[in-house]
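Have a look at the structure below before the remarks.
The values are calculated or read from the model by the stated rules, or taken from the named source; none is laboratory data. Computed from a predicted model, the values in this text were never measured in an experiment. Glycine gets a Cβ as well: all are built from the backbone with ideal geometry, and neighbour counts include every protein chain shown.
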Amino acid sequence: MKALVYTQPNEMQILDRPYPSLDSNEVVLKIESVGICGSDMHAFHGHDPRRNPGIVLGHEFAGIVAESSAPLFSLGQRVTGNPLITCGHCEYCLQGRNNLCANRTMVGMTRPGAFAEYMSIPASSLIAIPEELSLDAAALTEPAATAVHAINLSMRVLVRPIQECRVLILGGGAIGMLSALLLKHYGVDDLTVAEVNPLRRKAIEEHVSCKTLNPTEEKVSDSSYEFVMDCVGAVVTRNSALAAIKPGGVIMHVGLQDWSSEIDMRKLTLAEITLLGTYTYSTVDLQATVNLLARNAFGDLSWVEKRSLDEGPQAFMDLHAGKIAAAKVLLKPF
Ligand SMILES: [Zn+2]
Ligand SMILES: [Zn+2]
């Protein structure tokens, strides 16, 4: 079968790979649509020690069950799934917080991913999708669930309803874009997205109907937002988030470009700022996201770009060069 393989830093190739074997309680999926994630780009750049050359990346998938050894899933069923393979037994899995599973592995990292015609996956990771949801929209479940999970964690901590908040999102990539769309759906009116790429700013203005700003030209105003989402996680955005947050506000740290930096602990302390971290989504978040997508909570998704799997190597190059306005590119193997 055909697969898009990460062969060496800054190189992806279409290669022939063996059709996956069917293990017990697993299914083989015919991949219909698969998104390119920022973490795939990170691996492509040679920056992820867990994703080495030779690997098939891709974990934002939707497809059709082609073979099944699991009683709950039958041939022809349309599904997406949790790329995190979790144990089901540890304290986090038992709490329903399986994103923190102590024994987790991952599709496109510890086992072959979805940039291929077919992929095997444990049936316990699968989520059936409703009739009215297209497979292309379903392939956005994973990044959209990252936004759902992060915003849900934040809403539990904000002292006032999120609709009342002035909200700033740093970074207009897929997670920033999907977070902005979800916040609009939730009824947030005062929303600004800071993004350096002019193509992306234009796409956000067109599809989200919120304010944008270019942080390299325009200074984000100090202490004026009740809720800030940092969807970049670089040293500079962390500092901007802390400068922009109002006393008593909540910062949700979503992106993780730089692993550490010095932060203004004086403001954090004296202004009672809550700084939250978030990692991916639980299976329940993914299920909730499938329902939100089916109800068009993220809009018509017309900003998403689709290409064939064969065009995958070029898509990685174009994303690398910042030439793509779309915050999400889907690859289609068939
Ligand atoms: Zn992803
Ligand atoms: Zn577990």
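Only one of the listed residues (L319, L309, L301) is on the phi > 0 side of the Ramachandran plot and surrounded by 17 or more Cβ atoms within 10 Å (Cβ to Cβ). That residue is L301. For the range 57-73, what are the residues that are within 16 Å of ligand 1 (Cβ to nearest atom) and without any contact (Cβ under 8 Å) to a residue 12 or more places away in the chain? Within the range 57-73, none qualify.
Checking A114, A102, A137, A128 one by one, the residue that is at pLDDT below 95 and of a type outside the set (K, R) is A102 and no other. Answer yes if at least one residue in the range 74-86 is touching a residue at least 40 places away in the same chain (Cβ under 8 Å), within 15 Å of ligand 1 (Cβ to nearest atom) and in contact with a Leu (Cβ under 6 Å, 6 or more places away or on another chain), and no otherwise. Yes.
Out of the residues in the range 49-100 that are in contact with a His (Cβ under 9 Å, 6 or more places away or on another chain) and within 16 Å of ligand 2 (Cβ to nearest atom), which is nearest to L153 (Cα to Cα)? Step by step, filter the range 49-100, then rank; the result is N99. Among the residues of the range 117-148, the one identified as surrounded by fewer than 23 Cβ atoms within 10 Å (Cβ to Cβ), within 16 Å of ligand 1 (Cβ to nearest atom) and assigned to a strand (DSSP E or B) is I127. Could you check, for the range 220-228, whether at least one of its residues is modelled with pLDDT of 95 or more and under 20 Å from P143 (Cα atoms)? Taking every residue of the range 220-228 in turn, at least one turns out to be modelled with pLDDT of 95 or more and under 20 Å from P143 (Cα atoms).
Taken together, the criteria exclude D48 from residues that are within 15 Å of ligand 1 (Cβ to nearest atom) and assigned to a helix (DSSP H, G or I). Among the candidates G35, G46, the residue that is within 20 Å of S120 (Cα to Cα) and either out of contact with any Asp or Glu (no Cβ under 9 Å at 6 or more places or on another chain) or not hydroxyl-bearing (S, T, Y) (or both) is uniquely G35. Being under 24 Å from A321 (Cα atoms) and among the small types (G, A, S) holds for only one residue in G38, G63, and it is G38. Has the range 8-26 got any residue that is out of contact with any Lys or Arg (no Cβ under 6 Å at 6 or more places or on another chain), within 16 Å of ligand 2 (Cβ to nearest atom) and under 24 Å from G173 (Cα atoms)? No, the conditions are met nowhere in the range 8-26.
The residue that is farthest from ligand 1 (Cβ to nearest atom), among those in the range 90-100 that are surrounded by fewer than 20 Cβ atoms within 10 Å (Cβ to Cβ) and touching a residue at least 12 places away in the same chain (Cβ under 8 Å), is C90.
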